[in-house]
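The structure under discussion appears below in the form of structure tokens.
No lab work stands behind these numbers, since they all come straight from the coordinates. Here the structure is a predicted model, which means the values were calculated and not measured. Glycine gets a Cβ as well: all are built from the backbone with ideal geometry, and neighbour counts include every protein chain shown.
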Amino acid sequence: MSTLKNLWQKKRWIFWLLIIALLCVPPLLKILGIYKVKALYLRYACNIMMYATLAGSLNIINGYSGQTCLGQAGFFAIGAYTCAILSTRFGVSFWVLLPLCGLASGLIGLLVSLPTLRLQGIYLSIVTLGASEIIRIIAQTASITGGAMGIKGIPYPWLFGLDAFRPEYYYFIFLVLGILFLFCTSRILNSRVGRAWISIREDQVAAKSLGVRTSFYKSLNFVYGAFWAGVIGCAYAPFVNFIESSQFTTDKGFDVLAMIVIGGQGTLVGPIIGSAIVTVLTESLRFLGVWRYVIYALIIIAMMWLRPQGIAGATNSILAGGKVKRKPQKRKGAAA
Amino acid sequence: MSERENRPVLLEAQGVCKYFGGLKAVENVDMQIREGDIFGIIGPNGAGKTTFFNMCTGMYPVTKGKILFEGNDLTKLNTEEIAEKYIARTFQNIQLFRFMTVLENVKIGCHVQTHSNLFDAIVHSRRYRQDEEYTTQKSLDILKRIGLYDYRDVKASNLSYGMQRKVEIARAMALDHKILLLDEPAAGMNPQETQSLMEFIKQLNADGFTIAVIEHDMKFIMNSCNRILVLNFGQKIFEGTPQEVKENREVQEAYFGKGMVAGEALK
Amino acid sequence: MEYVLNQLINGICQGAIYALMAIGYSTIVGVVGMVTFTYGEIMMIGAYGAFYIFLSCGNNILLGLLMSFGCSFVLCIAVYKLCYERFFNAPRHISLLCTIGFSMLIKNLAQIVFGPETKSMLNIIPNRIFTLHLGSVAVDFRLLQIVIMLLVVFLALMLTFFFNRTRAGIALRAVSQNKDAAYLVGINVRRTALLGNCIGCGFGGIAGCLLAIYYINFQSYTFGSFSMKAFSASVLGGLVDLRMSALGGLCLGIIENLGITVSSATFRDVFAFGFLILMLIIRPQGFAVKKGTRV
């Protein structure tokens, strides 16, 4: 056991390679014709990976710098629409669009973050929420975004001469993006920038007194989070082939928020767990019709009651409140 | 005394005022902290000591007057800029990153001495590696010096009050500035801890730090400071050496009221 | 010119409803200290309550309003128990997500219980139009608009009276300013917060009913965007200041309706949120005089 632990500490990358290799197995089985994995399941897997990255990008903002952004759907929409417009009208390649959409979304993120720098807490939430709604409404009415009709026939990306139309190919796109995201983010979090973000979350006054330029780092945090939301939005548009404004409502933003809170804010695995749970739940309960949302809602509430820090979250973190646990005692005292 | 006059002035306040609406929290205070000082600021509760510190570090804007650091005007700068270039401080009510380990706390203190950005972090550039090495090395050095090396992986909130104060000082040291502003560093410490803190501060001073300290513990102040500023109701009532402060009538009155023979209590 | 003036009247009327929503919202935020995302559903329940009263007892507006107040009031007890009481000392995002979950729950349950189809409230108030001639321009007032405006003013005055003159109202103000101090002077904080929360929601319910009457048709998901408006108006007023929130609501209503005179009606929300964001850039504390209530 101890040798295993030792190995884990020293050669962590081996484990990561192992996990990645395992993740590659299902689509490869299908591609090589060994076993016919249902396309539907592969689509679910794609969805999970996509939402995991999207939730991860929100987690950067909410979980690591402690700002409450509710408008991630807006950044997602910017990415998706940029991709859709540029690829259908100008035929720009998907691979060029990926960073481009990220930058476009990051730019909007910067614009949103500027007014929010002077704001805190709930003021910031309403601004991000408002911005997300504005983006959606403009997408719904402007002619360049296809209005209420949306944009159809977004070309699939080409991968080594292969049309990535089938989910088993698209699987790899999401996998690579997800891994890239995790890789960059984990490296940033272990650096000066990541420490600055976390210090802002923990105590803004102290961070300022240590020379952390809070406005700059909050802005940077927003831009970085928005960037990845844009990138994943860009990958989303060809995946579903058709986008319209109703895919980017605030409810979508709340869904993503629910994922990170269920999974655990401020952890890297949290969004992945959250995304898997929410996606599997909403897909597998599809036969229940409207009732599945009722169950989903109940699970969110139950989660907040039983484990507010999320499944992967640490009990003793600022995001769990620390105080929640002590609550019952206090209540007894108040009653007496 | 004359020896002190020869040393250059580090932090200087010229007629500094702070008004909160009609309340004159700090009124026309002059101060000169010279390099190598342990400069004490004392005064009864509500005398405006912390407000004065907050103005020095840019947390409150100055209503009137000027604050200079080695001739640079700090009055227009904000907290981050002052912390980045000139002054490190601690807080009266401990402002630690409570859910982070001691080492992480100190590492954040190294922020201003390092310069790697987002891309350095992603590609692990040379600057990133240098920065990380510097940060880790520096933090561990400071922790060794302050005697918290064994607690480096403990969550800050799990430490005792006295140790948390020390972590805060360690964090401020990591900024590597000439001057440290300590706001009631001995509050909540037991006598032994206070004693060791006092020795530590003297040691720091010998190592080249200039220190300004607000404290209520008279023994602490009288034994460690070489210069003391006394504030009362926002006004400077006296400045001088510990001996002079002890003997000053006005200071005694501020602390004990008029007509009281207070000499003994201060000894 | 005539069109703009008429839109202004529409705006004031809509603004009055928004003001009522904002007053309710600010009451909740002030007393509980946390924001809510269930407000849309509270309004929806108010509207449904009134709808079924009108269906069964005829078009008695007073009864309808009472019913919507009552329905929202009762629903709010559940909101309070589920989403707030446990989380007073917890980080804010926890109760926030709880209210989001609760909102989803009610929205979908309502679809199951009341059905997804559009309900309409016809002729609750007789459709009479008064025309005012100002020189060459004619301005139309609908009876409905006049009733709504008067009703909102009346309710606001009632609430002011309640807050300033009654024992419970003063206790409420104490709780909203400092819970610990309120504990110390012997106020039952939990019960008072519950009461405040429910009164705020009751106002929301009435606003929902008025909205349904004003727009004639409503569905279970109509109220989502209105809850955002209530939130925005409340933020404009500094979140806890009732008068300023009402002003915020009025401003939002007027700006929306004037905004759509120069563009299409779909941009209604863009004007509302754009104004909000602009306002917050210029004055982060909103209309409120005092700075620094961090909610």
Mean Cβ-within-10 Å packing, highest first, puts peptides C:217-228, B:138-149 in the order C:217-228, B:138-149
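Pick out the long, greasy-scoring helices in chain C: whole DSSP H runs spanning 20 Å or more along their own axis by Cα, mean Kyte-Doolittle at least 1.0.
On the way: long enough: C:2-32 (44 Å, 1.16); C:39-57 (27 Å, 1.23); C:61-79 (27 Å, 2.54); C:92-114 (32 Å, 1.21); C:143-165 (32 Å, 2.30); C:189-215 (38 Å, 1.13); C:242-262 (31 Å, 1.35); C:268-282 (22 Å, 2.19).
Passing helices, by number: C:2-32, C:39-57, C:61-79, C:92-114, C:143-165, C:189-215, C:242-262, C:268-282.
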Test item: Cα-centred dipole of the protein assembly as shown, Lys/Arg +1 and Asp/Glu -1 on Cβ, debye: 1740 debye
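A:GLN9 to B:LEU23: FRET efficiency via 1/(1 + (r/R0)^6), r the Cβ-Cβ distance, R0 60 Å, to the nearest 0.05?
Details: r = 57 Å, r/R0 = 0.95.
With R0 = 60 Å, the Cβ-Cβ based efficiency is 0.55.
Over the whole of A:251-257, what's the average partner chain Cβ count within 10 Å per residue? Rounded to a whole number, please.
Rounded to a whole number, the mean comes out at 3.
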Of the options C:ALA207, A:THR88, C:ALA230, report the single residue whose Cα projects farthest towards the positive end of the charge dipole of the protein assembly as shown (beta-carbon charges: Lys, Arg +1; Asp, Glu -1). C:ALA207
In degrees from 0 to 90, rounded to the nearest 10, what is the angle of the helix B:191-206 Cα long axis to the longest principal axis of chain B? 80 degrees
Cα centre as origin, Lys/Arg/Asp/Glu Cβ charges: segment B:83-219 dipole, Debye: 180 debye
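Taking R0 as 60 Å, what's the FRET efficiency between B:GLU35 and A:THR88 from their Cβ-Cβ distance, rounded to 0.05?
Working: r = 68 Å, r/R0 = 1.13.
It comes out at approximately 0.30.
Ranking request for peptides A:188-195, B:240-247: highest mean number of other beta-carbon atoms within 10 Å first, then the rest in descending order.
Numbers: A:188-195: 22.0, B:240-247: 15.8.
The densest-packed peptide leads the list: A:188-195, B:240-247.
Using the Cα centre as the reference, give the magnitude of the dipole from point charges on the C-beta atoms of chain A (Lys, Arg: +1; Asp, Glu: -1; all else neutral), rounded to the nearest 20 debye.
On the way: 31 positive and 9 negative charges, 263 e Å.
It works out to roughly 1260 debye.
Average partner chain C-beta neighbours within 10 Å, per residue of B:109-119?
Working: counts 7, 4, 11, 5, 2, 3, 1, 3, 5, 10, 3.
Rounded to a whole number, the mean comes out at 5.
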Please pull out the direction-averaged projected area of segment B:96-174, using the convex hull of its alpha-carbon atoms, in nm² to one decimal place. 4.9 nm²
What ranking do C:LEU150, A:LEU110 get, fewest neighbouring Cβ atoms within 10 angstrom at the top? C:LEU150, A:LEU110
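For chain B, just say rounded, prolate or oblate: build the C-alpha gyration tensor, square-root its eigenvalues into a ≥ b ≥ c, call rounded for a/c under 1.5, and beyond that prolate if a/b exceeds b/c, oblate if not. The partial results should precede the final answer.
Values: a/c = 2.01, a/b = 1.54, b/c = 1.31.
Judged from the Cα gyration tensor, chain B comes out prolate (a/c at least 1.5, a/b above b/c).
Once you average over the residues of C:101-112, how many Cβ atoms of partner chains fall within 10 Å of each Cβ? Walk me through the numbers before you get to the answer.
On the way: counts 12, 5, 3, 11, 8, 2, 5, 9, 5, 1, 4, 5.
Average per residue, whole number: 6.
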Projecting the Cα atoms of C:ALA246, C:PRO284, C:VAL270 onto the charge dipole of segment C:209-295, where Lys and Arg contribute +1 and Asp and Glu -1 at Cβ, the residue farthest towards the positive end is C:PRO284
Give me the Kirkwood hydrodynamic radius of the protein assembly as shown in Å, from all C-alpha pairs, to one decimal place? 30.5 Å
Links exceeding 20 Å between C-alpha atoms in this model, out of B:LYS49/B:LYS155; B:LYS64/B:LYS236; A:LYS30/A:LYS152; B:LYS18/B:LYS236; A:LYS218/C:LYS229, come to B:LYS49/B:LYS155; A:LYS30/A:LYS152; A:LYS218/C:LYS229
So, R0 is 51 Å and r is the distance between the beta-carbons of C:PHE154 and A:PHE183; what FRET efficiency does that work out to, to 0.05? 0.25
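Going by C-beta contacts inside 10 Å, put B:ASP131, C:ASP180 in order with the fewest on the left.
The fewest-first ordering by Cβ neighbours comes to C:ASP180, B:ASP131.
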Using only Cα atoms, what Kirkwood radius does segment C:8-128 have, in angstroms? 15.9 Å
For the pair A:VAL25/B:LYS144, report the inter-label distance in nm, with labels modelled 7 Å from Cα in the Cβ direction. 4.8 nm
The answer for A:ILE311, listing residues at least 5 apart or on another chain whose modeled amide H is closer than 5 Å to its amide H, is A:GLY263, A:GLY264
For a quick protection proxy, order the peptides A:143-152, B:165-174, C:230-239, A:114-123 by their average other-Cβ count within 10 Å, most packed first. C:230-239, B:165-174, A:114-123, A:143-152
